[in-house]
Structures are given as C-alpha cells and as structure tokens.
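Participant: Before we start, here is the structure in question, set down as structure tokens.
The values are calculated or read from the model by the stated rules, or taken from the named source; none is laboratory data. What you are looking at is a predicted structure, and each value in this text was computed from that prediction instead of being measured. All Cβ positions, glycine included, derive from the backbone under ideal geometry; neighbour counts span all protein chains shown. Accessible surface areas use protein heavy atoms only, side chains included; no ligands, DNA or RNA. Shrake-Rupley method; radii C 1.70, N 1.55, O 1.52, S 1.80 Å.
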Amino acid sequence: MIDETDGLTEKTPAETGLTAEAPAETGLTAEVPAETGLTAEVPAETGLTAEAPIKKWSLKKQIVDHGMLLVLLLLCAAISALTVTDIHPEDPAAGRQLAKLALQEYGTQPNVLIVVRDTEADRAFAQAINDELIAGGGNVVGIASGTPRSAILQLTQTLAAGENVDVIATHHFASQWEVLSASRRAQVSDKPIKVISPPSYRWPSFLTKNNLLSILNQNAPIAIMAIGMTLVIITAGIDLSVGSLMALAAVVTAVSLRDYLGGVDANGGSVALAFGIGMLVCAVVGAVAGLLITVFKIPPFVATLGLMMVARGACYILAGGADAVKIDVPAISTLYDASVLGVSSQIILMVILFITAHVVMTHTPFGRYVYAVGGNVSAARLSGVPVMAVLITVYIVCGLCAGVAGVLDASHFLTGRPKAGEFYELQVIAAVVVGGTSLMGGEGKILGTLIGALILGVIQNGLNMAGVDSYRQMVIYGALILVAVVVDQLKKKVINPGVVSD
Amino acid sequence: MSATPPLLEIAGLTKSYPGVQALSDVSLTLARGEVLALLGENGAGKSTLIKTLGGVHQSDRGSFRVDGDRVTIANPRDARRLGISVIYQEFTLIPTLKVRENVFLGHDRQWLKPISQKTERRQAIALLNRIGSQLDPDRLCSELSVAEQQVVEIAKALALNTKIMVMDEPSAALSPREAEGLFGIVEELRSQGIGIIYITHRLNEVEQLADRIMILRDGEHITTQPAGDLSRDKIIENMVGRSLAEEFPPRCSVIGEPRLQVDGLTRGTAVENVSFAVHRGEVLGIAGLVGAGRTEVARMLFAADLPDQGTITLDGVVLNLKSPRQAIAAGICLLTEDRKSQGLILSQSTLHNFGLPNMADFSSKGMLVHRRERKGFQHYCETLNIRISDLQQRAETLSGGNQQKVVLAKWLQSTAEVIIFDEPTRGIDVGARYEIYQLLNELSEQGKAIIMISSDLPEVLAMSDRIVVMREGQVTGILDNKSSQQKVTPEDIMRYATSDQSLEEPLVTPKSFQ
C-alpha cells in the first residue's frame, strides 16, 4: 500500500515539473527550499523534521507521567512509618531459630518443655522447635499446647515424674502468661528454669506480607471491575451497573447450580459451567447497555442507571427475596481458595487481566479505537473507526469484568448474595479517576487504574490500622479522591501552560 | 502631538511561553474611528496580542493606556469594564438562549432583579439597528446562521459600551455576500467612533477596510503603515519574511478518464439531484454560498451521511457505501472543513491521528507494530514538510497548516484515490497555503481525482480545472476553467451562486456534464 504514496518522494523534479521551476516562477529565495519541500530534493531541511521527534527526558515530565505511582509509594511510606510496632514472630521459621538458640545457650542436651496455645499455627510452631531440637541432640520433655492452666499442669507433672526442665520454649504471647512468671517457676522447681521466646524486632505492621496480600485480596474485585470501567470512561462514557452486575453474576451462578446443574452433586465441570453462565449474563447486559447507547442514543449515565436497577431487582427475584442463595457444593470454593506460593487466585487473576488489558489498549488497533472514540467521536468516525462496534464491545467488556468479580464473590462466600457489590460502582469509578483517567474521555491508562485502586486500598487499610472509625473513614476517603482529581487538573496545567481553560 | 491622547496605546508588550517568545516588545496605537488591520502568519503572535488585550492572558512586560490613562487588564472582566471587546473566532453565544438574552448576558445585573422582557427586547432592537441589522431579538441563537451569530456577538459587545473592538478573522466562516454585510457593520462602527483591530488572512479585505496596517512576524512588530502605503506584495513580503511573487503555484493539468461519477444525489432538501464527474488528474472546484449544500455533498460521497437517492460510481464500479470506513476502503477520503472538531483528535498525538485510519497497515496478527507506524509518519513528515517537535506532540498544539498536513498524511497513507478537500486553506497562513496548493497539484498529477470545496473565490479560480457552482442544494452550473482564452470570472460564479438565471439558460455543455 505504501508503494502508491511513495511516489511523492521518488518522483524526480523533472516529473513533477514543479519543484524545479518553483524558485524561478514564484520568486522563492534559495534559503527557504523547505517551503516547497515536497520532493527528496531538500534533504537538508527535511533532516530537521526527522531528527526532531527524539524525546527529551525531563524530570517534570516523569513526575507528571508517574505522579500517581509516586503518591502510592509516599502513602505506603507514610503508613509504614506510622505503624511501626514490636513484631513477635510465631512462625515455624522463628521456631527453628529458637531451637538453635536453646541448643547454643543451654548446653548440648537441654531439657526443653514447649508451651504453645492450642491453635494450628501454634502447633506448627511447636513442631518446628521440636524437630530442630531433636535434630540438634536436645531433649524435648513435652509439648504443652493449650491454656495457661494446662501449661502449668504439664510442667508440674513433668517435674513430679522426675524429669528435668532447663528451658521452657514458647512464643512472646505465652511468655507473658502469669503462670510462667519467675515467681511461679520458683514455686514449682528448685532449679532455675529459663523461659525463652523468639526475639522481637520493630517493623511496620503495614509492611508485612500478610497485610499487603490482604490489601490486594480485598481490592481485587474492585480493581478487576475498574479495568472494564477504564475502557468505558476512556470512551467518555460511564457504567453505573457494575455493582449490580457483580451481584447478578453471583446469584445467577448460584441459582443455575442449585436448580439446573445438579445441586449438591454438581461436579467441577458443572461449577465451571455455572461460572460461565454468570459471566455470560453480565456480558449480555453489557451488550444491551452498548445498544441503548449507540442505537438509541441514550446517554450512558441514564442507560446504565436503568440497567443498574433492573439487574439489582433481578437478583432479588432470582433469590426469591432471600438474602443469600446458598450453594452446598464443595467444588465452588476451589476458584477462590486456590493459590500459588501463598498468593490467592483472585490476585493472580487480577494481575493477568491488568496485563492483558494493558497490552490490548497500547498494542492493538482496538485500543487505539477506544481512545479515538473518546477523544473525538466524529473525527474517529470520519477516520474509519467502527464507532458503534467499539462502544458495544467496551460495554460488553465492562459487564464481563463485573461478571468475573461476581463469580469470585460466589466462590468466596459459597452463596449468591443479591446484596453483593452495593455502591461498588462508585468505588470502581473512584479508582479509575484517581488512576488518572479523564471523565471527559480520550485519556487514561490501564496501569494508572491499578495504581488508583491500590491507592484507595492502601488508604483504607491505613485508616483501619490507625483505628479510624468508619464514618470518619468515609469523609477522609472522599476528600482524598477530590485531592487526587485536583492534583490531576493542576498537573495538566503544568503540561500545557498555554492552554487556558476558563 | 495632538491634544487628545489615542484611544488605545500599547507599549513594549512582551510575553513568553515555555520555549516560545510569543511577543517581544510590541507597541501599537489605535485612534477613535480607526480600523487597524493586524496581519501576520499563524504563530506570528496575533492571537497572543488580542488575548492579552482581552485579559485572557497576562503579559510579562508592557503597558496599556486607554484614553491616556494607564490601566491594567488582569482578567476579561477588566477588559470589558474598560470598553474593550474581543470577538473571537469561536463564538461565545449560548445556543439555547434567545438573541436578546445573549446580547445582555455579560451585563452586570443584580442577580435577583426582575428583567423586563419588553425593555430588553426594545434595547436589543436598538443595538441591532445601530449596526443595521433587522434580526428578530426573540429568535433562538441555535437557529441562526454563522453570519447572524456574528451580528449578535457584535451587538453583545456594543451593549457593554465598547470603545475598542477586536475582531479575530471575522470573515473566515462567511460567504462573500455575508462578508459584505460584515464590512458594512465595520464601516458603521467606525463612523460611530469605535476603534477596531481587525485580524484577517484575506488581503482584499485589508484593502477595502483598513486605515492602517500592522504586521507581526514571529512575535515581533515588523511595520505599521497607512494602508495606502503598502502594496499587496509588500504586505506578503513583510508577513512571510520573503517575497512571494504569486499566491498560487502554476497549474498544468493533464486530465484523463472520469473516475468518480455522481448521479442524481439527493438528501432531503439540503441536496437535490446533484450530478457531476471528476476525472483522473483533475481538480474539480465546488463553489457556492455557505449553506448551498456543498459540504453535504462531500459528506455523502464519503458516506458520512447516506443519500436518499442517487448513485456514486468510482472507476466504473457502482459504490454502495454505508459508512466512512467503507468509503476509506474504497479509496475515497474527506478532509473536513472543520479540522478541529472533525478532522483531528486534538487531545491526542499527531502520530496516533495519522495512524487511526491505517491500522491495517500498521498491525500484524492483531498487534500494532509501533515502529512501522512511526516510520510511516516520519516519511510523510519529510515529504509533506510537517513541522513537529515530537511524534507524541498533541495535535492541538500544531498550526493550522501543519494540522491540515497531518490530516492529508493519514489519507495518503490510506491510498486515497479520490480526495475531497472541504475549505482546504481556511485559517491557514499564506506560506502554508502555498504548500497546500502545491500538494493539490502534485496529487492530481499522480492521477488522483480531487474535489475542492472553497468559499475563497480566488482560490477556486486559480486551482480548479472545472467549477461546479451550487445554490440551495442544486447544481446551477458547471464551468470550464481550463481553457485560457475564456477564464471564469468571480462574477460568473457569483451569478450562478446567487440567482436562478442559469436554470433558464444553462451554460453547461452536455459534454462537460458527463
């Protein structure tokens, strides 16, 4: 195709008969050949345009481009600084460490009593101490797992049986029990008994693996829905129905499993099919939104407002007015419970969806079309963009994202909850806006949305840790969204100081 | 030194944006009842000057005096209070309000004081009469033509006791006849002692209206002289910094077989039974007044609107196009009249604008190949001499000429065979115009068929091989402009564009009608 148009450059001056004559006929002076620069005759001038497109790195531009990432990091740093506390490790690794310490400090064959609570994590901790001690030649005289009462009971029994107890190995929590205090120990034994626990250290409780994963886990449904919402908002639209669609997907999944796909006897395949049906229904509602908006020219706000109510009502009808449609199928929790290296499936799903969406938006014609439709719908149409198809697709994608969130919700709670996702649409829109996508359309980045969702999640987590009550949280949350948008506006002024918008 | 100080005196005005010196040390004076034509290429600093005067921008340095008093203009309100009104190219009327409501919109009225409809109507009629307009003050602004909207803008300025009126290319969107009406208004304002700064690209208007001419180039004041002292050539030379002996490049056309044929095209009452043909290597001009249906025809050829009746044939094949997407695939493209709202996505990069209709060329297996797209665009940046600083530069920051070339580049990449230019040089400065004309010539020499809709009569006459004249949705004449012995005159075109005499004695020969 390029061959045709290449003719412009390949043409010799004689062929065009134009450039060669132009200076003489038009009196153009020799210094400005660029003015006639249609042909390859003026390489010197065109060389300028060719080298101009090299981008210069500037700090200002970096800050403008990655401002929200910076905000996220600063937030994390601030919350970390505020949540520094004493951390008392109680995991198996700390147990092994403790056993080594006991072997070092108290001879090669210390007699150790292990004291823990009666929980799964504590038993694992005790087991780790036990294994490590025996491997190192120590002597474990007993493991007391239970209450302070059972601990002191076992200690006295052990001593009464004539066994020696040199060291009690426990964790910080149990080491504070009154029964293990120095005076009580002196009462039961003449010989000194040491109480040791893994060393404590100071670390932000915000910045622990568990806490960070739980932030991701709690916000994954919103972040996933925000992917579809980002596409919709880039086309200068809005979708208010996502919260209701999330519930619809959950309820449809639950009802179809209960009534049509075998009930309690459903196998993995039926569950997968039910998930598929739940998401399909959301895609269909998305397509309806797209048709209302493109064919009937209904503003997106109104079209999706209507669908939001229709979908929510449909949830309650399907649930027969109940608060939840119970699913007694073990297989359904497989989706939510699965994890890789301690990272839950929904976080992995979220990351995969974000990467996919990012690639689609930046590396495919469809992505380009989405931006074009939002930037200027009539110019896009006149440039051959299939505007209607793009818009309908975008709303289908948005519905599908809500469907994914709904299916995850059903898998999590083992029920279809008609109340799921109430007001989620607003949180989803907030995540997109905080992520830097303009409600005017045409601008925005998928990864910005991820950062936006994380910023909101981190703020909420931080407020929880600081013990702020939920009403105050709401006020702070709202105010921070406003700040984010104001900052976004100011940043635009920094890029385009010449453009006056008043 | 006269006893009375000048109406407006600007001294040493300087304004810079990051990386651009928009104005450096510009001074001017304006007397009562004087028309000062402000000329310069796009980017010369005219807009910055008037925006500073209107209070939209603040200058870095420089002083303003109105009636000899030193004043500061910190915002548009200050400017209005001082009697300075700027009529921008983009009108500031509220389409859903009536004429009279718009006229008095900017008035500092008390918020809750009742407005007497009768008084308002009476005052609006008085203001409109001052500029010789009979416009009904109760019409909605959304129903008005561009020219009528302009009248309302001027009345709105007068309602504020304007002493100084700045008009930014007021004739750009007007038909020749409407422009005559505008000139009458300018004369009227002058006779009422209002000082006028008049910005235009059209030199004949300068000759007709201006008392003095001020020329800016690259933010610097080049010269200010009485209008009679500057010849047209001299004006152009001062504007572009070199002499440009001709406004139009010479055109030698070799015309081949018909490529695009239009037969009986009809859509509502806007376009009725329009037929013509464009040949290989031909530039077909379409002239007519604004509202004659020219743009509507172009949109139908491009399938942006669908015709009720009629056929469009390209290279002997009847096209049945349903969308611009199909038109582009068939090799037809349209460079719209309004680049900003229809031709480009202003907030996005020039590169993305260029790539938009050409996604098939720049992707493989569903994925974009960014490198291919960049190379394609760089190729056109060189061949069309598009001046940009960065491929990611937003389209809105380009000058009109460069914007037009970006639009052209995207169509050339899509291998358009029929190129429809709707007002190709509107809002484009003299130097860039010349380049566009040369491109038009080159494209026709490559065998493409070109349709050029234009309200600029000298442009139509200089560039077209044949001229279709339209009036009220119909073709009233197809004039042959090739033969040098009997050139078409502006009067010929205006005759067909304004009266129905041609219907009685068709000038069109059956041969050229094919």
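Participant: Scan region A:401-413 and tell me whether some residue there is charged (D, E, K, R), modelled with pLDDT of 90 or more and open to solvent by 30 Å² or more (accessible area, probe 1.4 Å).
Facilitator: No, region A:401-413 contains no residue that is charged (D, E, K, R), modelled with pLDDT of 90 or more and open to solvent by 30 Å² or more (accessible area, probe 1.4 Å).
Participant: Please determine whether any residue of region A:120-128 is crowded, with 19+ Cβ neighbours inside 10 Å, over 20 Å from A:Ala94 (Cα atoms) and either in the same structural domain as A:Glu105 (by TED's automatic domain parsing) or free of Cβ contacts under 8 Å to residues at least 12 places away in the same chain (or both).
Facilitator: No, every residue in region A:120-128 fails to be crowded, with 19+ Cβ neighbours inside 10 Å, over 20 Å from A:Ala94 (Cα atoms) and either in the same structural domain as A:Glu105 (by TED's automatic domain parsing) or free of Cβ contacts under 8 Å to residues at least 12 places away in the same chain (or both).
Participant: Cβ-Cβ under 6 Å, sequence separation 6+ or interchain: first residue in region B:411-438 and more than 10 Å from every other protein chain (Cβ to nearest Cβ) and farther than 24 Å from B:Ala292 by Cα, partner among the hydroxyl-bearing types (Ser, Thr, Tyr) and in a loop (DSSP other than H, G, I, E, B). Which pairs?
Facilitator: B:Arg433/B:Thr425; B:Ile436/B:Thr425
Participant: Please go through (1) buried (at least 23 other Cβ atoms within 10 Å of the Cβ); (2) within 14 Å of another protein chain (Cβ to nearest Cβ); (3) over 24 Å from A:Leu382 (Cα atoms) for B:Ser464 and return the number of the only condition it doesn't satisfy.
Facilitator: (2)
Participant: Does region A:391-400 include one or more residues that are free of Cβ contacts under 8 Å to residues at least 60 places away in the same chain, more than 15 Å from the chain's Cα centre (by Cα) and surrounded by fewer than 24 Cβ atoms within 10 Å (Cβ to Cβ)?
Facilitator: no
Condition check ((1) assigned by TED's automatic domain parsing to the domain that holds A:Pro365; (2) more than 20 Å from A:Leu70 (Cα to Cα); (3) part of a helix (DSSP H, G or I)) across all residues:
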| site | (1), (2), (3) |
| --- | --- |
| A:Tyr395 | yes, yes, yes |
| A:Gly399 | yes, yes, yes |
| A:Asp409 | yes, yes, yes |
| A:Lys419 | yes, yes, no |
| A:Ala430 | yes, no, yes |
| A:Ser438 | yes, no, no |
| A:Gly442 | yes, yes, no |
| A:Thr449 | yes, no, yes |
| A:Ala484 | yes, no, yes |
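Conditions (1) farther than 30 Å from B:Gly355 by Cβ; (2) of a type outside the set (Ser, Thr, Tyr), marked per residue:
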{"residue": "A:Ser383", "(1), (2)": "no, no"}
{"residue": "A:Pro418", "(1), (2)": "yes, yes"}
{"residue": "A:Val433", "(1), (2)": "no, yes"}
{"residue": "A:Thr437", "(1), (2)": "no, no"}
{"residue": "A:Thr449", "(1), (2)": "no, no"}
{"residue": "A:Gln473", "(1), (2)": "yes, yes"}
{"residue": "A:Leu482", "(1), (2)": "yes, yes"}
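Participant: Only one residue in B:Ala155, B:Ala179, B:Ala173, B:Ala159 is touching a helix residue (DSSP H, G or I) at 6+ places or on another chain (Cβ under 8 Å), open to solvent by 20 Å² or more (accessible area, probe 1.4 Å) and of a type in the set (Gly, Ala, Ser), so which one is that?
Facilitator: Just a single option satisfies the conditions, and that option is B:Ala173.
Participant: Also: Restricting to region B:328-352, name every residue that is more than 8 Å from every other protein chain (Cβ to nearest Cβ) and in a helix (DSSP H, G or I).
Facilitator: B:Ala330, B:Arg339, B:Lys340, B:Thr350, B:Leu351, listed by residue number.
Participant: Please find, among A:Leu353, A:Leu291, A:Leu341, A:Leu382, the residue that is more than 14 Å from chain B (Cβ to nearest Cβ) and either open to solvent by less than 60 Å² (accessible area, probe 1.4 Å) or closer than 25 Å to A:Ala420 by Cβ (or both).
Facilitator: Result: A:Leu353 is the single residue among A:Leu353, A:Leu291, A:Leu341, A:Leu382 that is more than 14 Å from chain B (Cβ to nearest Cβ) and either open to solvent by less than 60 Å² (accessible area, probe 1.4 Å) or closer than 25 Å to A:Ala420 by Cβ (or both).
Participant: Same structure, new question: Identify, by number, the condition in (1) out of contact with any Pro (no Cβ under 9 Å at 6 or more places or on another chain); (2) buried (at least 21 other Cβ atoms within 10 Å of the Cβ) that B:Gly193 doesn't meet.
Facilitator: Unmet condition: (2).
Participant: Inside region B:451-514, counting only helices (runs of 4 or more DSSP H) that do not spill past its ends, which hold 2 or more residues that are modelled with pLDDT of 85 or more?
Facilitator: Per the criteria, B:457-463.
Participant: Further question on the same structure: Report every pair of residues separated by at least 6 positions or lying on different chains whose Cβ atoms are under 9 Å apart, first residue within region A:230-254 and on the phi > 0 side of the Ramachandran plot and open to solvent by 10 Å² or more (accessible area, probe 1.4 Å), second assigned to a loop (DSSP other than H, G, I, E, B) and not small (Gly, Ala, Ser).
Facilitator: Every condition considered, the pairs that remain are A:Ala236/A:Leu439; A:Ala236/A:Met440.
Participant: Next question, about the same structure. Does region A:191-203 contain any residue that is touching a strand residue (DSSP E or B) at 6+ places or on another chain (Cβ under 7 Å), of a type in the set (Gly, Ala, Ser) and surrounded by fewer than 15 Cβ atoms within 10 Å (Cβ to Cβ)?
Facilitator: Checked region A:191-203: at least one residue is touching a strand residue (DSSP E or B) at 6+ places or on another chain (Cβ under 7 Å), of a type in the set (Gly, Ala, Ser) and surrounded by fewer than 15 Cβ atoms within 10 Å (Cβ to Cβ).
Participant: Select from region A:129-149 the residues that are over 40 Å from the mean Cα position of the chain (by Cα) and touching a residue at least 12 places away in the same chain (Cβ under 8 Å) and list them in ascending order.
Facilitator: A:Leu133, A:Gly136, A:Gly137, A:Gly138, A:Asn139, A:Val140, A:Val141, A:Gly142, A:Ile143, A:Ala144, A:Pro148, A:Arg149 - these are the residues of region A:129-149 that are over 40 Å from the mean Cα position of the chain (by Cα) and touching a residue at least 12 places away in the same chain (Cβ under 8 Å).
Participant: Kindly provide the set of residues from region A:245-287 that are of a type in the set (Phe, Trp, Tyr) and farther than 27 Å from A:Phe423 by Cβ, ordered by number.
Facilitator: Result: A:Tyr260, single match.
Participant: When you scan region B:236-252, do you find a residue that is within 14 Å of another protein chain (Cβ to nearest Cβ), in a helix (DSSP H, G or I) and either surrounded by fewer than 18 Cβ atoms within 10 Å (Cβ to Cβ) or not β-branched (Val, Ile, Thr) (or both), even just one?
Facilitator: Checked against the condition, which is being within 14 Å of another protein chain (Cβ to nearest Cβ), in a helix (DSSP H, G or I) and either surrounded by fewer than 18 Cβ atoms within 10 Å (Cβ to Cβ) or not β-branched (Val, Ile, Thr) (or both), region B:236-252 yields at least one hit.
Participant: Here is a follow-up. So B:Ser389 clears everything in (1) farther than 18 Å from B:Ala449 by Cα; (2) surrounded by 18 or more Cβ atoms within 10 Å (Cβ to Cβ); (3) of a type in the set (S, T, N, Q) except one condition, right? Which one?
Facilitator: With (1) farther than 18 Å from B:Ala449 by Cα; (2) surrounded by 18 or more Cβ atoms within 10 Å (Cβ to Cβ); (3) of a type in the set (S, T, N, Q) applied to B:Ser389, the lone miss is (2).
Participant: For region B:384-407, give me each residue that is assigned to a helix (DSSP H, G or I) and either within 9 Å of chain A (Cβ to nearest Cβ) or at pLDDT 85 or above (or both).
Facilitator: Listed by number, the residues that qualify are B:Ala395, B:Glu396, B:Thr397, B:Asn402, B:Gln403, B:Gln404, B:Lys405, B:Val406, B:Val407.
Participant: Right, another one. Output the residues belonging to region B:357-383 that are within 7 Å of chain A (Cβ to nearest Cβ), in contact (Cβ under 8 Å) with a residue 40 or more places away in the chain and under 25 Å from B:Tyr437 (Cα atoms).
Facilitator: Across region B:357-383, the qualifying residue is only B:Pro357.
Participant: Of all the strands (runs of 3 or more DSSP E) wholly in region B:255-297, which have at least 3 residues that are open to solvent by 10 Å² or more (accessible area, probe 1.4 Å) and either without any contact (Cβ under 8 Å) to a residue 12 or more places away in the chain or more than 14 Å from B:Val469 (Cβ to Cβ) (or both)?
Facilitator: B:258-267, B:271-279
Participant: Somewhere in region B:139-146, is a residue under 24 Å from B:Arg190 (Cβ atoms) and open to solvent by 50 Å² or more (accessible area, probe 1.4 Å)?
Facilitator: yes
Participant: For B:Ser323, only one of the following conditions fails: (1) surrounded by fewer than 22 Cβ atoms within 10 Å (Cβ to Cβ); (2) more than 14 Å from every other protein chain (Cβ to nearest Cβ). What is its number?
Facilitator: Going through (1) surrounded by fewer than 22 Cβ atoms within 10 Å (Cβ to Cβ); (2) more than 14 Å from every other protein chain (Cβ to nearest Cβ) one by one, B:Ser323 breaks only (2).
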